[in-house]
Amino acid sequence: MDFNYLAQKYSTPLYVYEFNHFTEQYKKLKEAFRARKSLINFAVKANSNLSVIKHFASLESGADCVSIGEVKRALLAGIPKYKIILSGVGKRDDEIEEALKLDILMINLESMAEMKRVEKIAKKLDKQARISIRVNPNIDPKTHPYISTGLHENKFGVDIDTATRMYLQAKTSENLDPVGIHFHIGSQLTELEPIKEASQVVSDLVRKLQKVDIDIKFFDVGGGLGICYDNETLIEPYDYAQAILETLQGLDVTICMEPGRYLTGNGGYFLTKVLYEKVNGDKRFVIVDGAMNDLIRPSLYNAYHKIEVLTDNEEKSKANIVGPVCESGDFFAKNIEVPKTKPNDLVVIHSAGAYGFVMSSNYNTRPRPAEVAIVNGEDKLIRRRETFEDLIALEKDYL
Ligand code: LLP
C-alpha cells in the first residue's frame, strides 16, 4: 500500500482500511463453520463506519450491536433486521422499545431485572420479544483485565442458575420468546481452552433446557478471537470451530458469532506524520500529529501496536512516539528503536482497524481523522476529516 501517497492525498492523521482483508477474514471464519448453520454478526463496535458495515452486509454478515444507534447504523448500511442482535449490559427503555418495533433478530439480556423490563415493554407494544440470555460461565479467558468479561467478578451476563430461572420464567410469558443463548468471555483471546470450556458449560445448559421444552435455536458464542499485534500465537478459525462444534453434538442450533477485532483489526492502519523530535535529558521523543484522542489503545490498555517509520535513515535509537495532547499518557509507544526522523516523515501504526476510530474523541478540540477505504487497490474517502465548525456545531446556537 502506498502510504505516502495516501497521506499526501488525504493528509494526516488518517485511518486507512484494506477492505479485501476484511473479506478474507470473514470468509475464513465462515468457511470454518461450513458444516453447520452459522451467522456471523459483525461486532459493529469495533468499527462502525457505514461503509465498513455495508461491506460486511455485502458479504451477508449480520450485526452485533450494543446501542440503538448501532442498530440504526446496521440497518442504514443494509444489514437485514433479521440478522441484527442487540446486546449490552444496560439498555434504556426507549432503546428496548425501538428494538422491539424494529423487529430485530433478538435482544440479548444480561439480568433478571432487564428481562422484566423487556417483558413489560413488549406487553405494552403487544409483541413477543425474541430474547437470548447472556450466560457468564465464570471462566478466566486469560486476556487483559479490561477486556475480560466471562468471570463472575465482571459485570456481564448472569450465572447458570439465574439463567435457568430466567428461561423458565420466559417460557411462561406471553411476551417473551427465548430463542437464543449467549456467552462472550473476553476480547483478544489467544487461548482456545477457555472458549471450549465456556461453550461446554453453555451447551450443557441448552441440553437441560431442551428437556423442559425450551428450544434454543441460536447458540451465540460472542466475539473475542485475537489478532496479531505483535507475535502472538493465534487461534486458527478451524480449531475455533472444531472446539465449539465438539460441544454441540446432538444439538440443532444456528451458531452465531460476534467477531469485531478479528474481522477488521489487522486491516486498518493509522497514519500520522512527524512534527519534530526533541530530547529531554537522555530521553528522545518523536512528536507526531496524531494523538491519544485519535487512537487511545496504547494509552488506555498499554496496548502494543507495531509502528513503522517510513524513512531511508537506518540510524536507530530508543524513543517514545508521542502526540501533542496535554497528557503524559499521550503516547503510541515507549522506548522502541526508531530511526532518526525529520519533519513530515510518515509513521504507520498497524492493526488499527478495530477499536481505533470508534474510540476517538475531540479531546483538546482536535478534529477527528478522516477514514479511507482501499477497495481492490482503489482509495475511497469514507468519512471526511472533521472541521472546527463540525466541532462547535452543537454549541454555537447557545452563545
Ligand atoms: N460481543 C460482545 C458481547 C462484546 O462485548 C464484544 C466486545 C464483542 C462481541 C466483540 O469482541 P471482539 O471480537 O472485537 O474481541 N476496546 C477494547 C475491546 C473491547 C471489547 C468489548 N466487547 C480494545 O480496544 O481492545
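The values are calculated or read from the model by the stated rules, or taken from the named source; none is laboratory data. Predicted model, so just to flag it, every value in this text is computed and none were measured. Don't worry about glycine lacking a Cβ; one is built from the backbone with ideal geometry, like all the others, and counts go over all protein chains shown. Ligands, DNA and RNA are excluded from the accessible area calculation, which covers all protein heavy atoms including side chains. Shrake-Rupley method; radii C 1.70, N 1.55, O 1.52, S 1.80 Å.
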With labels modelled as points extended 7 Å from the Cα through the Cβ direction, what inter-label distance (nm, one decimal) is found for N313 paired with D282?
2.1 nm
Counting only Cα atoms, I'd like the Rg/Rh figure for the stretch 47-94, Kirkwood definition for Rh.
0.97
Quick one: what are the phi-derived ³J(HN,Hα) couplings along the stretch 272-277, Karplus 6.51/-1.76/1.60 with θ = phi - 60°, whole Hz, x for glycine and proline?
9, 10, 6, 8, 5, 10
Which of the GluC sites (Glu not before Pro) across the stretch 364-399 are loop residues per DSSP, with 10 or fewer other Cβ within 10 Å?
E395
Per the Cauchy relation, a quarter of the hull surface: what is the mean projected area of the convex hull of the alpha carbons in the stretch 33-259, in nm²?
11.7 nm²
Rg and Dmax [Cα atoms of the stretch 220-354; Å; Rg one decimal, Dmax integer]:
19.3, 67
Whole number please: convex hull volume per residue of the Cα set in the stretch 280-346, in Å³?
91 Å³
Would you kindly derive the ³J(HN,Hα) couplings of the stretch 289-296 from the backbone phi angles with the Karplus curve 6.51 cos²θ - 1.76 cosθ + 1.60 (θ = phi - 60°), listing them in order in whole Hz, with x for Gly and Pro?
8, x, 8, 4, 5, 8, 9, 9
Through the Karplus equation 6.51 cos²θ - 1.76 cosθ + 1.60, θ set to phi - 60°, convert the phi angles of the stretch 369-383 into ³J(HN,Hα) values in whole Hz; use x for Gly and Pro.
x, 7, 10, 10, 9, 9, 10, 6, x, 9, 8, 9, 6, 10, 7
Restricting things to alpha carbons, find the Rg to Rh ratio for the stretch 1-97 using the Kirkwood radius for Rh.
1.06
Of the trypsin sites (Lys or Arg not before Pro) in the stretch 1-95, those whose Cβ has at most 14 other Cβ within 10 Å and which sit in DSSP loop
R34, K37, R92
In terms of modelled amide H atoms, which long-range or inter-chain residues lie less than 5 Å from the amide H of D177?
A129, R130, I131
Out of the total accessible area of the stretch 33-259 (probe 1.4 Å, heavy atoms of protein only), what percent is carbon and sulfur?
48 percent
If the only charges are +1 at each Lys and Arg Cβ and -1 at each Asp and Glu Cβ, what is the size of the charge dipole of the stretch 197-246 around the Cα centre, to the nearest 20 debye?
360 debye
Using unit Cβ charges (K, R positive; D, E negative) and no other charged atoms, how large, in debye to the nearest 20, is the dipole of the chain about its Cα centre?
600 debye
For all pairs of alpha-carbon atoms in the chain, what percent lies in each bin of width 10 Å, listed from the first bin to the last filled one?
5, 22, 29, 23, 14, 6, 1, 0
Among V325, F285, Y355, flag the residue with its Cα farthest along the positive direction of the charge dipole of the stretch 242-399, charges on Cβ as +1 for Lys/Arg and -1 for Asp/Glu.
F285
Need one number: convex hull volume per residue for the stretch 182-258, Cα atoms only, in Å³.
75 Å³
What residues qualify as long-range amide H neighbours of G224, i.e. H under 5 Å apart, gap of 5 or more or another chain, H built at 1.01 Å from N?
Q188, G260, R261, Y262
Only Lys, Arg, Asp and Glu count, each charged at its Cβ (+1, +1, -1, -1), so figure out the dipole size of the stretch 33-259 about its Cα centre, rounded to 20 debye.
800 debye
